[in-house]
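The values are calculated or read from the model by the stated rules, or taken from the named source; none is laboratory data. Every value quoted in this text rests on a predicted model; they were computed, and no experiment measured them. Neighbour counts are summed over all protein chains in view; Cβ atoms, including those assigned to glycine, are modelled from backbone coordinates with ideal geometry.
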Amino acid sequence: MNWRERLREAIYRSGKKHSTIAEDAGVTPATLSRILTGKSRPRFDTFVRIAHAVGETAGCLLGEHGFDFSREERETVQAAAMTLMDLIRK
């Protein structure tokens, strides 16, 4: 699976409209469309902003496997870490 396919899946999982993602990422909907269809290649900073707009990391969308968790799994791990930190502080 390439990064565009992972991005499309992340967009689907996010449940957000393309226009909302584009606005959150600071690009036009047309730019996002061109990126998704392969007609345009984003600069890395644009790619990072789009990834964050759909709740993912650029690394995850690029295929890094070290922390290849779903958004829900990351949220669960983050919540558990915060609980643990709260317990340690007490």
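Annotation note: Cβ proximity below 6 Å between a residue of region 31-44 that is without any contact (Cβ under 8 Å) to a residue 40 or more places away in the chain and a residue that is surrounded by fewer than 17 Cβ atoms within 10 Å (Cβ to Cβ) and assigned to a helix (DSSP H, G or I) (sequence gap 6+ or interchain) occurs for L32/H18; S40/R34.
Where helices (runs of 4 or more DSSP H) sit wholly within the chain, those with at least 3 residues that are among the acidic types (D, E) occupy 71-89.
Flag: S19 matches the condition of being at pLDDT 95 or above, more than 13 Å from L61 (Cα to Cα) and in contact with a Pro (Cβ under 7 Å, 6 or more places away or on another chain).
If only one of R41, R74 is modelled with pLDDT under 80 and not aliphatic (A, V, I, L, M), which one is it? Don't jump to the end; show me each part of the working.
Values: R41 fails: modelled with pLDDT under 80.
Step by step, each of R41, R74 is checked, and only R74 is modelled with pLDDT under 80 and not aliphatic (A, V, I, L, M).
Listed by first and then second residue, the pairs linking a residue in region 13-26 that is more than 15 Å from D45 (Cα to Cα) to a residue that is part of a loop (DSSP other than H, G, I, E, B) and of a type in the set (G, A, S), with Cβ atoms under 6 Å apart and 6 or more places separating them unless they lie on different chains, are S14/G55.
Within region 24-63, restricting attention to residues that are in contact with a helix residue (DSSP H, G or I) (Cβ under 9 Å, 6 or more places away or on another chain), charged (D, E, K, R) and exposed (fewer than 12 other Cβ atoms within 10 Å of the Cβ), which residue is farthest from W3 (Cα to Cα)? Full working, then the answer.
So in region 24-63, the residues in contact with a helix residue (DSSP H, G or I) (Cβ under 9 Å, 6 or more places away or on another chain) come out as 24-33, 35-42, 44, 46-63.
Narrowing further to those that are charged (D, E, K, R): 24, 39, 41, 49, 56.
Filter once more, keeping what is exposed (fewer than 12 other Cβ atoms within 10 Å of the Cβ): 39, 41.
Working: K39: 14, R41: 11 Å.
Across region 24-63, the extreme among qualifying residues is K39.
The set of residues in region 1-13 that are exposed (fewer than 14 other Cβ atoms within 10 Å of the Cβ) and aliphatic (A, V, I, L, M) contains only M1.
Out of all the residues in region 14-23, is one or more at positive phi and either touching a Ser or Thr at 6+ places or on another chain (Cβ under 9 Å) or surrounded by 11 or more Cβ atoms within 10 Å (Cβ to Cβ) (or both)? No, because not a single residue in region 14-23 is at positive phi and either touching a Ser or Thr at 6+ places or on another chain (Cβ under 9 Å) or surrounded by 11 or more Cβ atoms within 10 Å (Cβ to Cβ) (or both).
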